[in-house]
1. How large is the accessible surface of ILE168 in square angstrom, using a 1.4 angstrom probe and rounding to the nearest 10?
2. Using helices alone, what [θ] at 222 nm do you get for the chain, with -39,500 (n - 2.57) per DSSP H run of 4 or more residues, divided over all residues and rounded to the nearest 500?
3. Taking 2.2 N^0.38 Å as the expected size of a compact globular protein, what ratio does the Cα radius of gyration of the chain give against it, to two decimals?
4. Which length gain, in nm to one decimal place, applies between ALA133 and ALA101 when the Cα-Cα distance is subtracted from 0.36 nm times their residue separation?
5. Suppose we flag trypsin sites (Lys or Arg not before Pro) only when DSSP calls them loop and at most 13 other Cβ atoms lie within 10 Å. Which is the longest uninterrupted stretch of the chain?
6. Would you report the distance distribution of C-alpha pairs in the stretch 106-247 as whole percents per 10 angstrom bin, up to the bin with the largest distance?
7. Where the Cα atoms of the stretch 17-144 are projected onto their three principal axes, how long is each span, largest first, in whole Å?
8. Using only the heavy atoms of the protein chains and a 1.4 Å probe, how would VAL232, VAL3 rank by accessible area, largest first?
Amino acid sequence: MNVLRAERIKLFSTRAPWWCALIAVAAPIAFTALFLGLSGAEITADVSNTQLATSTGRTVALVLAVLAATADFNWGTLRLTFQAVPTRTPALLAKGAVAFATCAALGLLAGVGSWGMAHLVRPDADLSLHSGADWRIVFGQILTFALTGLLGVGVGLLLRSSALALAIVLVWTQLVEGLVLLIPKIGSDLYQWMPFYAASQFAGGDFTRTTLKLSPPFGPGGYLAYFAAISVVLFAAGVATANRRDA
């Protein structure tokens, strides 16, 4: 418990994680208000459309998780942590657990907040959670955000440099996954195996699949398992690497 408490204190001892947490929640809610408020009758207000911007919040949560790992290297606090803890693994697992729980809370706030904002902006629309799929789309943000946090810590532990890690995750999420679609013949097939596309297929709205008439290889549960596997593998690789290298 002391290790968990220490990691929590370290994470929120600087302003950057607080700003990331605020933006991760506020950006999807603000986009939902603007999108559904300005679109009028042209866009159907359904549960899926309330979650269209949660991927943006998930990206900011990813930034928070990367900083949770790399800040220790930048400030030299990881060396002190390893001196205080007999073995490195519990401290690294605690770091992942804190990021996982923090991002899960952000996912809950972003998902429910966006859905609630849609109720306020379009009070005439039927946005009740009638089915299991509706509940999954909104509350599934908890899992996708949490796994994103785990993935971010793994990348941070692997790369150690804040600038390099942030550059890679932002280029991947904002450019690479979308540009894959431009590859002739195999682009649409490859796109369906991209990790953050997979996260959006479990929870959140996504126009890409319907617009491009994609036939995904998995259902929502399969995509969650696929995204979880990638996140756990990257986190495990980060822990193993940090255990072997000098802090």
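The values are calculated or read from the model by the stated rules, or taken from the named source; none is laboratory data. Keep in mind that this is a model prediction, so the values were computed, not measured. Don't worry about glycine lacking a Cβ; one is built from the backbone with ideal geometry, like all the others, and counts go over all protein chains shown. Just so you know, the surface numbers come from the protein's heavy atoms only, side chains and all, with ligands and any DNA or RNA stripped out. Shrake-Rupley method; radii C 1.70, N 1.55, O 1.52, S 1.80 Å.
1. Per-residue accessible area (ILE168): approximately 80 Å².
2. About -23500 deg cm²/dmol.
3. With N residues counted in the chain, Rg over 2.2 N^0.38 Å equals 1.05.
4. In short, 9.2 nm is gained.
5. The answer is 1-184.
6. Result returned by the calculation: 11, 33, 34, 18, 4, 1.
7. 60, 27, 16
8. Sorted descending by solvent-accessible area, the residues read VAL232, VAL3.
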